[in-house]
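Input: a single structure, listed below in structure tokens.
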Amino acid sequence: MISRRGALIAGGTGAAVVAGGGVAAYKVATGDKPEPPSPASVNADGKLLWRNWSGIQNAYPAARLAPKDEGELATALKVAQAPIRPVGAGHSFTALAPTDGTLVSLDAMSGIVGWEGDEAIIRTGTRLGALGPLLAQKGRALPNLPDINKQSLGGALGTATHGTGMKIPAMHGDVTGLRLVTPSGKVIDADATRNPEVFQAARVSLGSLGVISQVRMRTSANRRLRRKVWLEPFDEALANAEGRWAQHRNFEFYAVPFTGLAANISHDETDDPALDRGPDQDTEFLLALRGLRNLLGFATPLRKAAAKALLSTAKPETAVDEGWKLLSTERPVRFNEMEFHLPVENQLKALAEVVATIEKERPDVFFPIEVRRIAADDAWLSPFQGGVRGSVAVHAYYRDDFSFLYELIEPIFRRYDGRPHWGKLHTLNGGQLAAIYPRWKDFLAVRQELDPEGRMLNPYLKGLFGLT
Ligand SMILES: Cc1cc2nc3c(=O)[nH]c(=O)nc-3n(C[C@H](O)[C@H](O)[C@H](O)COP(=O)(O)OP(=O)(O)OC[C@H]3O[C@@H](n4cnc5c(N)ncnc54)[C@H](O)[C@@H]3O)c2cc1C
């Protein structure tokens, strides 16, 4: 049997290891690739490097703005060098933020500025991790949260960031009003009755209409949740998933390729006292899976047997705490990612194909594949517009080649009528997007009206909107 420690050592060093106290030594099959090259921190013009979280997007903006209030923001936008790109925490994988013009951060515009009943008015520079405790002071919480809480609220809304839950929409689904500062410096308040077209377009806008300075959001009571994590054979996870989405407040699972196993995670409301999660097992297991990839990537049956033995040492996890402390976790291991949102009837079929394809073609992949459900909403560029969707997300370790996402995985998602996550890798262009978003043209018309000169558009967005 391979110990978790043995697998971790193999992952860390790439050296031949002694397995499970025995004497069998295996030659490294795949090994860790070297650190990807880093762009210069300053370019020839003396401009500082901007880079996204995973490291695949970078830019040297001519100017960087961090306005302290709406007035300063509006004045600055009028004269800012194009392309003007709002940026949050830089956690998107697609080239939404890069610009050689002006990068606008709302880091200095954060916090809750008021309440209308149970709806909070929140500045969009607020990081999700900072918002949890602010809302909790009032006994409130955001109904749902994504896997991590490092994002800014504006950035999360900009790409339709979501968590999981059959009855819980993506974060923008709880936005009931917003204030948009256009590139000409005009301030527009929009909701279902005031400027309703701007509201429908701006709830998910990829930062292409201007900068959203604040939003009004529904909140829910800050309840404690019980989190459960448990492993089971992948086939059983597939068979049980629908029932679990119907049963739990939040449910998701991870298919672990080359193991035949899946990890389930549920969250449900409880009045039970808090119960600590204990040390982070997720990262340790992820590194162990990388170790097995490095060690036994050349031999799938051996790798499967070793992974099963390794994962059988995992204990089911139970924790109880307020939702904002449990729903998001730390992701210290960097990766690149593709996620598509599929009609629910196609989700598990697409997943099964993705897993089979990876196991046949790509022994270098070790990241678990994430599977979630998201309730419908009606924002024009929401991937969840028109019905509940099931998402499938495939990750590649940041040092590894991720071209398989485009070559092998995206065609499966597209065959099953998926819509891409706006912040995650995909190749769809204007014509293809127009075919899967019924309100695409309406969005483009609002964009044209708010920014006729295209000052908010970098080359990536021009391509996406078919404007090149
Ligand atoms: C480790 C990791 C885990 C993740 N987990 C999830 C997950 O569980 N669920 C999920 O759906 N996604 C997830 N993502 C994707 C992530 O939530 C999105 O890419 C999100 O947009 C990143 O937020 P950000 O603050 O970094 O925004 P950025 O990436 O900096 O910007 C995103 C977009 O928002 C625009 N924008 C930013 N601020 C404003 C503003 N004030 N006004 C107008 N536009 C603005 C930008 O111009 C850009 O188009 C994850 C990403 C990583 C790296």
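Quick note: the coordinates plus some simple rules give every number you see, no bench work behind them. Everything quoted here is computed from the prediction, not taken from an experiment. Every residue, glycine as well, gets a Cβ built from its backbone with ideal geometry; the counts of neighbours run over all protein chains shown.
Using the crude model of +1 on Lys and Arg Cβ and -1 on Asp and Glu Cβ, and no other charge, please compute the dipole size for the chain relative to its Cα centre, in debye to 20.
On the way: 55 positive and 52 negative charges, 100 e Å.
For the chain, the charge dipole is close to 480 debye.
Rounded, prolate or oblate, given the Cα gyration tensor of the range 224-420, with a/c below 1.5 counting as rounded?
oblate
Which GluC sites (Glu not before Pro) in the range 309-413 sit in a loop by DSSP (not H, G, I, E or B) and have at most 13 other Cβ atoms within 10 Å of their own Cβ?
Values: sites: Glu317, Glu322, Glu330, Glu337, Glu339, Glu345, Glu353, Glu359, Glu361, Glu370, Glu407; in loops: Glu330.
Filter output for the range 309-413: Glu330.
How charged is the neighbourhood of Glu197? Take every other residue with its Cβ under 14 Å from the Cβ of Glu197, and add Lys/Arg as +1 and Asp/Glu as -1.
Working: positive: Arg194, Arg203, Arg439, Lys441, Arg447; negative: Asp189, Asp191, Asp378, Asp442, Glu449.
Once positives and negatives cancel, what remains is 0.
Work through the residues other than Leu467 whose Cβ is under 14 Å from its Cβ and net out their charges, Lys, Arg +1 and Asp, Glu -1.
Numbers: positive: Lys441, Arg447, Arg455, Lys462; negative: Asp451, Glu453.
So the environment of Leu467 carries a net charge of +2.
Mind running the shape call on the range 318-429? Use the C-alpha gyration tensor, a ≥ b ≥ c as the square roots of the eigenvalues: rounded below 1.5 for a/c, prolate if a/b tops b/c, oblate otherwise.
Verdict is oblate for the range 318-429.
Express the relative contact order of the chain as a whole percentage, based on alpha carbon pairs under 8 Å and six or more residues apart in sequence.
On the way: 1028 pairs, mean separation 88.1, N = 468.
Once divided by the residue count of the chain, the mean separation gives 19 percent.
Starting from one equal scatterer on each C-alpha and no solvent at all, send me the Debye-based log10 I(q)/I(0) for the range 50-105 at q = 0.13, 0.19, 0.28 Å⁻¹, two decimals.
Taking Cα atoms of the range 50-105 as identical point scatterers yields -0.31, -0.61, -1.09.
Would you mind calculating the relative contact order of the range 125-197 from Cα pairs under 8 angstrom and at least 6 residues apart, reporting the percent as a whole number?
Working: 76 pairs, mean separation 15.8, N = 73.
Relative contact order, the range 125-197: 22 percent.
Please work out whether the range 209-293 counts as rounded, prolate or oblate from its C-alpha gyration tensor, where a ≥ b ≥ c are the square roots of the eigenvalues and a/c under 1.5 means rounded, while otherwise a/b larger than b/c means prolate and anything else oblate? If you can, show how the numbers build up before the last one.
On the way: a/c = 1.72, a/b = 1.47, b/c = 1.17.
Taking the square roots of the gyration eigenvalues as a ≥ b ≥ c, the range 209-293 is prolate.
How many angstrom lie between the C-alpha centres of the range 265-330 and the range 401-419?
Cα centroid to Cα centroid, the span is 26 Å.
With an 8 Å cut-off on Cα pairs and a minimum separation of 6 or more residues, tell me the relative contact order of the range 251-381 in percent.
Values: 112 pairs, mean separation 59.2, N = 131.
Normalised by residue count, the contact order of the range 251-381 is 45 percent.
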